[in-house]
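Presented below is the structure to which this report refers.
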Amino acid sequence: MPILGEVKTSPEIGYTSGIHQKWIWSACLDCGKERWILYRRNYNKQLRCTSCAHKGVHLSEITKLKISQYNKGIHIGDKSPNWQGGRHKEYNGYILIKLNPSDTYFAMTNSSWYVAEHRLVMAKHLGRLLKRGEVVHHKNGIKDDNRLENLELMSDGNHKLITTLERRIKYLENRVTQLETEIILAKRGENKNV
């Protein structure tokens with residue numbers, strides 16, 4: 001039995017998602033029921049267990065029905081009215097795909113059950129899960145172009161090197177264009193002075 005205040009990571013307490021998440025063994029303020037809650041350094045909003053948190057709260061019949069359906073798993077994933085197809089674009093340009101726990105590639109997901117589409121495409125092509133140090137590189141630099149012919153599997157070190165070289169090449173190409181423009185303008189200026 002854990003001790004109150006003990007902090008552990010998800011794998012240590014048997015949770016499969018959120019490998020780097022920390023959990024703290026806590027007791028409800030009202031009933032004293034002990035359970036694992038997500039650890040926040042200076043803030044824990046789950047000071048009460050679910051049953052104590054809802055005591056004295058009068059819920060409408062519709063809300064009670066929604067809670068009941070959610071607890072039975074009726075409104076989870078594609079059965080939820082908010083379901084967007086399990087695919088969305090992140091702010092950084094990558095496409096994320098939601099996977100079910102029964103999926104072969106579920107181990108590659110983050111704590112919200114999403115995996116980057118380009119990694120999933122490569123893993124399915126190889127027929128195996130990708131290892132931690134393996135990176136999938138977009139050859140054309142377009143992060144949402146996840147066609148297999150645009151993807152290349154490489155080590156993290158090689159990916160950093162290639163990315164650095166691609167940026168340097170792009171900078172030098174822009175610099176050459178800029179200098180060529182300056183040369184053309186300089187020649188035009190000489191012809192006018194003659």
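Looking only at residues in the range 19-47 that are among the charged types (D, E, K, R) and at pLDDT below 80, which one is nearest to S111 (Cα to Cα)?
Across the range 19-47, the extreme among qualifying residues is R40.
Run K143 past the list (1) buried (at least 16 other Cβ atoms within 10 Å of the Cβ); (2) in a helix (DSSP H, G or I) and report the number of the one that doesn't hold.
Here K143 meets the rest and fails (2).
Within the set of pairs 6+ apart or on separate chains, which have a first residue in the range 164-190 that is farther than 19 Å from H138 by Cα, a second that is assigned to a helix (DSSP H, G or I) and polar (S, T, N, Q), and C-beta atoms under 6 Å apart?
Close Cβ pairs satisfying both conditions: none exist.
Name the residues in the range 21-31 that are touching a residue at least 24 places away in the same chain (Cβ under 8 Å) and within 21 Å of the chain's Cα centre (by Cα), would you?
Q21
For the list (1) surrounded by 11 or more Cβ atoms within 10 Å (Cβ to Cβ); (2) modelled with pLDDT under 90; (3) not basic (K, R), I need the number of the one condition that G157 fails.
Only one criterion is unmet by G157, namely (1).
The values are calculated or read from the model by the stated rules, or taken from the named source; none is laboratory data. Just so it is clear, the model here is predicted, and its values are computed rather than measured. Neighbour counts are summed over all protein chains in view; Cβ atoms, including those assigned to glycine, are modelled from backbone coordinates with ideal geometry.
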